[in-house]
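The values are calculated or read from the model by the stated rules, or taken from the named source; none is laboratory data. On a predicted model such as this, the values are computed, not experimentally measured, just so you know. As a convention, Cβ positions derive from the backbone with ideal geometry for all residues, glycine included, and neighbour counts pool all protein chains shown. Accessible surface areas use protein heavy atoms only, side chains included; no ligands, DNA or RNA. Shrake-Rupley method; radii C 1.70, N 1.55, O 1.52, S 1.80 Å.
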Amino acid sequence: MSPSLRLYLPGDAAAVSVGADEIADCLHTEAKKRGLNIELVRTGTRGMLWLEPLLEVDIGGERYAFGPMLPEHVPALFDDAFSNAHDCALGPLEDLDWMRGQTRWLYRRCGQTDPLNLDEYKANGGLDGLTKALASSSDDVIETVTKSGLRGRGGAGFPAGIKWKTAAGIDADQKYICCNADEGDSGTFADRILMEGDPSLIIEGMVIAGLAVGATKGLVYIRSEYPAAIATMKRAIEIWREAGLLGDDVMGSGRSFDMDVRRGAGSYVCGEESAMLESLEGKRGQVRAKPPIPAFEGLFGKPTIINNVLTLASVPDILARGGEAYAAVGTGRSLGTQAFQLAGNIKCGGLIEAPFGVTLRELIEDFGGGTLSGRPLRAVQVGGPLGAYIPADQLDLVMDYEAFAAAGAMLGHGGIVVFDDTVDMARQAEFAMEFCVEESCGKCTPCRIGSVRGAETIAKIRKGENVGDNIALVEDLCTTMTDGSLCAMGGLTPMPVMSALKYFREDFETKTAPAAEEVAG
Amino acid sequence: MAHSKTSAIEAACARHNHRADALIEILHDVQHAQGCIDDEAARVIADKLNLSRADVQGVRSFYTDFIAEARRKTPVKICRAEACQAVGSDKLAAALETAGHDLETIFCLGNCALGPAVMVEDRLIGRATAERVAAQMERTK
């Protein structure tokens with residue numbers, strides 16, 4: 001039998017959704033037919049989702065990429081001995097423009113290794129941060145995180161070091177670390193890709209957070225729409241426990257930290273931190289009034305750190321690299337790298353890790369290659385369903401928290417949803433209100449009632465009823481929702497609505513929208 | 001029959017040590033086992049967790065994952081959020097409805113670069129078409 005051939009294929013949910021499992025079956029069948037010995041490693045995704053299923057073959061220690069693969073492409077791979085002559089051959093993976101254009105810190109292992117192989121994790125820099133944390137004082141760890149400039153990646157952008165310092169300074173018999181993996185924004189999948197592709201990194205970040213603030217228990221709240229991520233995270237936690245990295249004696253340090261996964265149940269608002277706490281306590285996911293902030297009184301009334309997946313996962317690298325080194329990339333007060341996600345009507349969609357400061361245009365045109373339909377781009381929604389719609393002439397906007405805020409928009413969790421010129425922006429504004437009707441927790445009136453009235457009024461505008469008066473009414477309502485809602489759900493729903501009104505007013509004033517009827521598939 | 005149903009619910013409660021904060025996990029387990037959380041199940045859970053029936057039913061009704069009555073056939077979960085709207089999820093939904101599927105609207109399946117996204121049971125379908133969904137429904141039968 002010939003020497004074993006090493007192949008890598010993502011087991012990521014997105015790759016599987018376009019046939020990665022079928023490719024795996026075909027590879028095994030074809031190899032068997034030819035009496036070849038192959039070793040197929042299922043990895044996370046590299047983030048080049050438009051190339052999925054993306055197969056990588058180890059040739060002389062270098063990874064060569066083939067994609068997007070269809071079952072009928074498999075026999076020719078073996079016929080050509082995995083040469084560059086194959087229809088799907090892309091050349092060496094690291095030479096692809098998409099890979100070279102990134103600064104892959106957070107996702108550097110994603111796609112490279114078996115996500116559940118702890119030895120591979122250690123061999124590729126895993127546990128370096130935790131080892132350093134165990135050898136340092138809590139104050140030093142928090143100081144390093146503060147110096148790195150790390151801000152909450154969930155969307156609010158609050159400095160992580162300050163949050164940690166607050167919780168660390170409180171005396172309590174129990175504190176908690178909660179990892180917010182309720183990634184509900186349309187256009188975002190960075191948390192999911194990391195949970196499926198490098199779960200250990202998230203666990204390591206949580207353990208470090210626990211050691212730093214004096215918390216011994218952690219919970220990861222994962223939305224139920226992510227069954228694969230839930231399974232991978234659960235298994236990874238077991239592996240860590242078996243290896244003595246979780247439990248009463250973390251890495252033989254005598255210090256204690258353990259954690260579990262909790263599932264969401266289809267509620268968008270549970271991504272809001274106080275609603276998430278209610279949900280973690282087994283209750284309806286209704287938001288809490290603040291103060292007190294969770295760092296003082298969080299889960300079960302105890303001091304609690306709630307950070308997004310990417311915030312926590314950034315920490316091991318920050319410790320290993322040093323706070324200053326992390327802060328050396330980025331722009332202004334937005335430091336380090338961010339996972340940008342290209343979605344919607346985009347030719348080359350996927351995940352791009354790049355320093356803050358990159359422009360929307362670079363992401364959409366250079367990485368994304370423009371719209372999938374080939375039609376002109378008309379609008380881009382950044383930051384999820386509560387983010388602003390940005391018109392095509394503003395694509396030079398810099399990806400930076402403050403630059404976005406100044407433009408009346410929001411960077412959020414880094415999701416970018418592209419629409420072509422067939423979009424009816426009055427319909428998108430109506431949807432923003434309808435989404436709030438569906439997902440409002442019902443606790444405060446501006447959100448619960450305002451969204452219903454907003455959806456009704458925009459529907460009237462779309463039918464051409466008293467357009468001028470009704471637009472004024474919607475604008476007035478949006479002010480009430482912005483100023484009077486308890487949380488970002490009602491408070492930010494006006495953002496997509498008002499931006500649509502501001503930049504795409506013609507869609508509201510001409511009530512029939514003929515373009516929407518002739519959408520090319 | 002009724003007895004074995006009750007014991008499955010009791011087992012789910014016991015598996016989570018009868019903790020009230022694990023109510024959502026318990027509801028997931030029960031729904032997975034019997035397809036819904038009917039009033040009888042809610043009563044047993046309330047009893048075992050020392051909660052009021054209103055507490056349990058309040059949680060059940062808040063979360064869209066939980067239903068009080070079992071579905072007659074496997075639903076096609078289709079994402080109707082912005083990223084999938086941008087690539088024609090509304091048209092796909094209409095086609096799936098015409099084809100006789102039971103649709104369930106989901107807001108985001110995390111497959112936003114490969115929309116429209118559909119999920120059948122736990123199986124995610126990217127770049128979904130009516131044909132690919134039908135093929136997957138065939139396989140789940």
> Of all residues in the stretch A:153-201, which are over 19 Å from A:Cys487 (Cα atoms), in contact with a Gly (Cβ under 7 Å, 6 or more places away or on another chain) and open to solvent by 20 Å² or more (accessible area, probe 1.4 Å)?
Replying inline: A:Ala168, A:Tyr176
> Quick one: is B:Leu92 facing chain A (nearest Cβ under 10 Å) and open to solvent by less than 50 Å² (accessible area, probe 1.4 Å)?
Replying inline: yes
> Does A:Ser279 fit the bill of being closer than 25 Å to A:Asp173 by Cβ and at the interface with chain B (Cβ under 10 Å from one of its Cβ atoms)?
Replying inline: yes
>> Could you tell me how many of the residues in the stretch A:310-354 are open to solvent by 20 Å² or more (accessible area, probe 1.4 Å), away from every other protein chain (no Cβ under 14 Å) and closer than 27 Å to B:Cys84 by Cα?
In response: 0
> What residue, among those in the stretch B:13-34 that are open to solvent by less than 30 Å² (accessible area, probe 1.4 Å) and under 17 Å from the mean Cα position of the chain (by Cα), is farthest from the other protein chains (Cβ to nearest Cβ)?
Replying inline: B:Val30
> Failed condition for B:Arg71, given (1) closer than 24 Å to A:Arg262 by Cα; (2) more than 11 Å from every other protein chain (Cβ to nearest Cβ); (3) not acidic (Asp, Glu), with all others met?
Replying inline: (1)
> Looking at the stretch A:224-268, which of the residues that are open to solvent by 40 Å² or more (accessible area, probe 1.4 Å) and of a type in the set (Asp, Glu) is nearest to the other protein chains (Cβ to nearest Cβ)?
Replying inline: A:Asp260
> Can you name the condition, by its number, that A:Ala426 falls short on among (1) outside any helix (DSSP H, G or I); (2) within 14 Å of chain B (Cβ to nearest Cβ); (3) open to solvent by less than 20 Å² (accessible area, probe 1.4 Å)?
Replying inline: (1)
>> Name the single residue that is farthest from B:Ile78 (Cα to Cα) among those in the stretch A:269-289 being open to solvent by 40 Å² or more (accessible area, probe 1.4 Å) and touching a residue at least 60 places away in the same chain (Cβ under 8 Å).
In response: A:Ala289
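Every residue, every condition in (1) open to solvent by 60 Å² or more (accessible area, probe 1.4 Å); (2) over 21 Å from A:Leu363 (Cβ atoms), yes or no:
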site: A:Gly19; (1), (2): no, yes
site: A:Ile23; (1), (2): no, yes
site: A:Leu27; (1), (2): no, yes
site: A:Glu56; (1), (2): no, yes
site: A:Ile59; (1), (2): yes, yes
site: A:Glu72; (1), (2): yes, yes
site: A:Asn84; (1), (2): yes, yes
site: A:Gly101; (1), (2): no, no
site: A:Tyr107; (1), (2): no, no
> Out of (1) within 21 Å of B:Ala86 (Cβ to Cβ); (2) of a type in the set (Gly, Ala, Ser); (3) part of a helix (DSSP H, G or I), the odd one out for A:Ala405 is which?
Replying inline: (1)
> Among the residues of the stretch A:466-473, is any among the small types (Gly, Ala, Ser), outside the structural domain of A:Glu402 (by TED's automatic domain parsing) and open to solvent by 30 Å² or more (accessible area, probe 1.4 Å)?
Replying inline: yes
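Residue-wise test of (1) hydroxyl-bearing (Ser, Thr, Tyr); (2) open to solvent by 40 Å² or more (accessible area, probe 1.4 Å); (3) within 27 Å of A:Val309 (Cβ to Cβ).
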residue	(1), (2), (3)
A:Pro385	no, no, yes
A:Tyr389	yes, no, yes
A:Gln394	no, yes, no
A:Glu402	no, yes, yes
A:Gly408	no, yes, no
A:Gly414	no, no, yes
A:Asp420	no, no, no
